[in-house]
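Enquirer: Please see the structure below; I have some questions.
All of the numbers you see were taken from the coordinates with simple rules; none came from a lab. The model shown is predicted, which means the values in this text are computed figures rather than measured ones. Here the Cβ is made from the backbone with ideal geometry for all residues, glycine too, and neighbour counts use every protein chain on show.
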Amino acid sequence: MRKIAFILNPLSGRGNKEAVEQYISHHFGWPAGFDTRQYITRCAGDGYEQARQFAAQEFDAVVVVGGDGTINEVARGLVHSHTAMGIVPMGSGNGLARHLHLPMDFKKALEKITQFQMHAIDAAQINRRLFFCTAGVGFDALIGHLFNSGGKRGMSTYISLSTREFLQYKPQEYTVTIDGQTHTHKAFLITFANASQWGNNAYIAPLAHCNDGQLDVVIWKDFPRVAAPFMLPRLFTKTIHKSSFVEIYQCKHIVVERPQDDYVHLDGESLQMGKILDIQVLPSALKVLV
C-alpha cells in the first residue's frame, strides 16, 4: 500500500480547499490502495518542515494543494529524497503545474495522482536558495514584491501593478557570466528559467525544459516603451524568444552582478538578495508525479 501525504495551503490563490479535503477523504484511503495523511499549513515555512518529515518517514509521495510558493516549500523538503511530489494546482499562476501539463481542475489532478507516474526534474538554486520553475531580477521581481506585499491577489491585481510601474521603471546594468563567458547588459529583466512560464500561460522561456540539465537565461533588454503592445502578446503566443529585444542562453551556471542589493523573485515569492547572484542547475534533483 502506497503512503501519500497531502499538504494543503488554505491561503493559496484560488479554489475551495474544503472540497479538496472532502474529495481526498472519500476517494483515497485503503479501499483505493493508499495510506493517506492530510496536513494544513499554518505559517510560512510549514510546508517545508512537514515535507521533510514525510520524506524521513518514507512516504511514497507528498502532494501539494496550493500555488507555486507552497510547491517551492514542499519541493525543497523533498529534493534528493526518494519521495515524489504531486501537485494539485490552486494558486494564482500555477507556473510549474502548467509547464508539466497538469490539469487545473482539482478532481482531474487528483486522478493523475492515483496513476502514480513518476518523473525526475531538475531543480536550481540562486545563492543556495532553491527554485523549481523560474527566478529573476528586474521589473518582474519588483512587481512580484509589490504583488506579494498587497492584500489582494489575482491576475487583475498583477496587471494593475504592472501597468502602474511600467512607464517609470528604469532598467539596470548587469554583468552576466554564463558558463564562463561574461557579457554586460542594460536589461528590463533577467529570468532564470527551469520551466517555460511564469504562470497563467505567460511563456517567458518557450524552449525551456525542466529535465534537460540546463537553465534558460532570458535577458529582456531595454526597449522602447511604444513597443510594449507588440512585446506582451508574444508571452502568450510562445514567441518572446523571437523578439530582437530578447536574448536567451542555455547554460548550467550563471553569475549576475548588479549595482545594488535588490529584489529577486523565486517561484512567485519575492525577497531581497545581494549584489552578486550565483545561479546553477541541479539535474534530476526532484521526483514528481506527472
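Enquirer: As I understand it, the value is the acute angle between the Cα axis of helix 139-149 and the longest principal axis of the Cα atoms of the chain; what does it come to in degrees, rounded to 10?
Expert: It is inclined by approximately 50 degrees.
Enquirer: Rank by packing, highest mean first: peptides 173-183, 255-265, 239-249, 62-72, with packing defined as the count of other Cβ atoms within 10 Å averaged across residues.
Expert: Final packing ranking: 62-72, 255-265, 239-249, 173-183.
Enquirer: Residues of segment 102-130 with backbone nitrogen within less than 14 Å of a virtual label 7 Å along the Cα-to-Cβ line of Asn211, please, listed as ranges.
Expert: Only 102, 116-123 fall inside the zone, counting backbone N under 14 Å.
Enquirer: What's the exposure ranking of Ser12, Ser149, going from fewest to most Cβ atoms within 10 Å?
Expert: Fewest-to-most ranking of Ser12, Ser149: Ser149, Ser12.
Enquirer: What FRET efficiency comes out for Ser284 versus Gln53 if R0 is 25 angstrom and r is the Cβ-Cβ distance? Round to the nearest 0.05.
Expert: Plugging the Cβ-Cβ distance into 1/(1 + (r/R0)^6) gives 0.60.
Enquirer: Please give the length that would be gained between Val226 and Thr239 if that part of the chain were fully extended, namely 0.36 nm times their separation in residues minus their C-alpha to C-alpha distance (nm, one decimal).
Expert: 2.8 nm
Enquirer: For the chain: lysine pairs with Cα atoms under 16 Å, gap of 8 or more or different chains, count?
Expert: So the count of such lysine pairs works out to 10.
Enquirer: Tilt of helix 17-27 relative to the longest C-alpha principal axis of the chain, in degrees (0 to 90, nearest 10)?
Expert: Once rounded, one gets 40 degrees.
Enquirer: Additional query: Could you state the per residue volume, in Å³, of the convex hull enclosing the Cα atoms of the chain?
Expert: 118
Enquirer: In segment 99-136, which residues have a backbone nitrogen under 18 Å from the label point lying 7 Å from Glu165's Cα in the Cα-to-Cβ direction?
Expert: Counting only backbone N, you get 134-136.
Enquirer: Taking every DSSP beta bridge with both residues inside the chain, roughly what % is antiparallel (nearest 5)?
Expert: Antiparallel bridges: around 75 percent, rounded to the nearest 5.
Enquirer: Additional query: In Å, what Kirkwood hydrodynamic radius results for segment 53-178 from the alpha-carbon pair distances?
Expert: It works out to 16.6 Å.
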